[in-house]
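S.K.: Attaching a single structure in structure tokens format; questions to follow.
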Amino acid sequence: MAKKSDKKKPRSALNEVVTREYTIHLHKRIHGIGFKRRAPRAIKEIRLFAKKMMGTEDVRIEQRLNKHIWSQGIRSVPYRVRVRLARKRNEDEDSPHKLYTLVSFVEVVTFKGLQTINVDSED
């Protein structure tokens with residue numbers, strides 16, 4: 001029996017700059033959370049989702065998304081939200097992270113039939 005020595009290096013998706021649109025089901029993520037903690041927890045869950053999907057520690061949430069989450073008050077968070085996650089290069093040389101994720105709000109009429117899509121970068 002010969003040992004397999006061709007170990008594959010773990011593929012680092014962090015090197016590529018990419019933009020994708022996702023639908024986040026916030027209702028299931030804040031189920032059971034007290035009223036006065038729902039909107040802040042929703043923001044934390046969006047940050048966690050972006051970190052998991054894009055693989056970056058540095059996640060920045062756009063102001064429009066924050067306003068949309070808080071638009072119905074602290075306790076009535078929207079059930080779903082459509083977001084655009086853009087993995088970008090960090091221009092700040094002092095930052096320990098080479099890339100960051102920018103989370104922006106995408107307005108949709110209905111969430112029916114929407115899937116994750118790759119978006120061509122506008123830059």
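S.K.: For the stretch 64-85, indicate whether the set of residues that are at pLDDT below 95 and at positive phi is non-empty.
M.R.: Checking the stretch 64-85: not a single residue is at pLDDT below 95 and at positive phi.
S.K.: Which condition from (1) open to solvent by 60 Å² or more (accessible area, probe 1.4 Å); (2) without any contact (Cβ under 8 Å) to a residue 24 or more places away in the chain; (3) not hydrophobic (A, V, I, L, M, F, W, C) is the one that Glu107 breaks?
M.R.: (2)
S.K.: Any idea which of (1) touching a strand residue (DSSP E or B) at 6+ places or on another chain (Cβ under 6 Å); (2) open to solvent by 100 Å² or more (accessible area, probe 1.4 Å) is the one Ala86 doesn't satisfy?
M.R.: Result: Ala86 fails condition (2) only.
S.K.: Okay, next question. For the stretch 78-85, indicate whether the set of residues that are touching a residue at least 40 places away in the same chain (Cβ under 8 Å), of a type in the set (Ser, Thr, Tyr) and more than 16 Å from Val18 (Cα to Cα) is non-empty.
M.R.: Yes, the stretch 78-85 contains at least one residue that is touching a residue at least 40 places away in the same chain (Cβ under 8 Å), of a type in the set (Ser, Thr, Tyr) and more than 16 Å from Val18 (Cα to Cα).
S.K.: How about the stretch 81-123: which of its residues are closer than 25 Å to Arg29 by Cα, of a type outside the set (A, V, I, L, M), over 13 Å from the mean Cα position of the chain (by Cα) and not in a loop (DSSP other than H, G, I, E, B)?
M.R.: Asn118
S.K.: Given the options Ile69, Ile30, Ile61, Ile24, name the one that is more than 11 Å from Thr101 (Cβ to Cβ), under 10 Å from the mean Cα position of the chain (by Cα) and crowded, with 18+ Cβ neighbours inside 10 Å.
M.R.: Ile24
The values are calculated or read from the model by the stated rules, or taken from the named source; none is laboratory data. No experiment lies behind these values; they were computed from the predicted model shown. Reconstructed Cβ throughout: ideal geometry from the backbone, glycine too, with neighbour counts over all protein chains shown. Heavy atoms of the whole protein, side chains included, go into the accessibility calculation; ligands, DNA and RNA do not. Shrake-Rupley method; radii C 1.70, N 1.55, O 1.52, S 1.80 Å.
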